[in-house]
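What follows draws every value from the coordinates through simple rules; no lab data is involved. Note that the structure is predicted; figures quoted are calculated from it, not measured. Reconstructed Cβ throughout: ideal geometry from the backbone, glycine too, with neighbour counts over all protein chains shown.
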């Protein structure tokens, strides 16, 4: 690409080659030829005398060696991409020229190709998503017992474990995977519906035989590997399908953004970090910095996908009657770039999750600095067992807690809550006895068991189902 011409960073920096190819001209035009072959085959099998096996053999012989120069030259003349490629295909297949695109409209190749590409792209994302789930599942299992400080409102709250926190990220990915799988299973083709969706041209070709028109759609779908076609349509398939598909991509982006934001905060707290290459620079001015650049990129791209998902929603609602063309320019940008961006997000997610760095001592230090506050309920119960008054003790703990908090915030001191309680005769507990109450594992509730149950009951069955997909890795270019 010339250096004085804009190019999408989704191609040059972010998306994988596999996803780039799915939305390439070559993929599109090869699929057009697959569709023209399927149409001719179905018409022959349904008894249309105008189509012969020799013509189909000729079409198949030139299915992939597309004469782009001829198509481009013709399009400059006729200003119509589909007719230009019909002409180019006919130049290579002179015997088949009369029956290429027979009975069809441009949407036969255009819309069916869009549906095929989106289905293929969903499959690629599905594999990557499952691999991210597999990596995070391994991480959650490894750290299911490691206590850490949990936050609500980003304020210290009851402890959890590092593995349990990872299971929250996993849960959202499972929700996304369920949506993605459902959407993939319900994808259909437009089929060959004609100018306004009535199949009038095919009814004419088949001399009024309605059953052959019905079978034509089904046969085309089967030849392309689909269970069927949408039952009714105008000239195009409903643009709500695009909205549904990008809705799935938006959910993937939402889940990834949540993970990336959590990790950015944890990296600030020095409890966890994303991978950092040996020669990577965190800041050109401050050599000590280790910026969460990949997580920030996930968040940045996710924001784009979430916003972009509004495009097909607005396009779907703006269609008039059997079709208008105000969908075309928007759709070809919005759908392709949403897939490219989501692909980049999952590449980054896989790379980051597979190289997460955990700092147990920092995690323990932060947790223990807050743990005395969280142990007060247990301390109070022990004091009550020794004959104390629960109501009176509660008030004394409240007073001591506020004083310890002020000491930390206003004087920069250490948490001295336990020393304050030990010095209060109302509790009758020594400092040594109080410190025995500070085992972090005693305050994480069912977190370790929840992780075990979640992985066994929800995650492992999914990974077993898709075990042939596992083993993907992601190398980030920039």
Neighbour-count order for 165, 214, fewest beta carbons within 10 angstrom listed first: 214, 165
If neighbour count is taken as other Cβ atoms inside 10 Å, put 276, 427 in order from fewest to most. 276, 427
I need 362, 314 ordered by Cβ neighbour count within 10 Å, fewest first. 314, 362
Share, in percent, of DSSP beta bridges within the chain that are antiparallel, nearest 5: 90
D for segment 20-99, whole µm²/s, Stokes-Einstein with Kirkwood Rh over alpha-carbon pairs at 10 °C and 1.306 mPa s: what number? 122
Relative contact order of segment 68-223, defined on C-alpha pairs under 8 angstrom at six or more residues apart (%): 20
Relative contact order for segment 285-422: what is it in percent, counting Cα pairs under 8 Å that are at least 6 residues apart? 20
Can you list, bin by bin at 5 Å, the percent of alpha carbon pairs in segment 376-437, starting at 0? 4, 20, 31, 24, 14, 6, 2, 0
Explain nothing, just the number: relative contact order of segment 230-363, from Cα pairs under 8 Å at least 6 residues apart, as a whole percent. 38
Compare the peptides 34-41, 99-106, 342-349 by average per-residue count of other Cβ atoms within 10 angstrom and give them in order, highest first. 342-349, 34-41, 99-106
Placing one equal point scatterer on each C-alpha of segment 1-56 and summing with Debye, one gets log10 I(q)/I(0) at q = 0.27, 0.28 Å⁻¹ equal to -1.03, -1.05
Mind jotting down the three principal axis lengths of segment 297-419 based on Cα atoms? Whole angstrom, largest first. 81, 37, 30
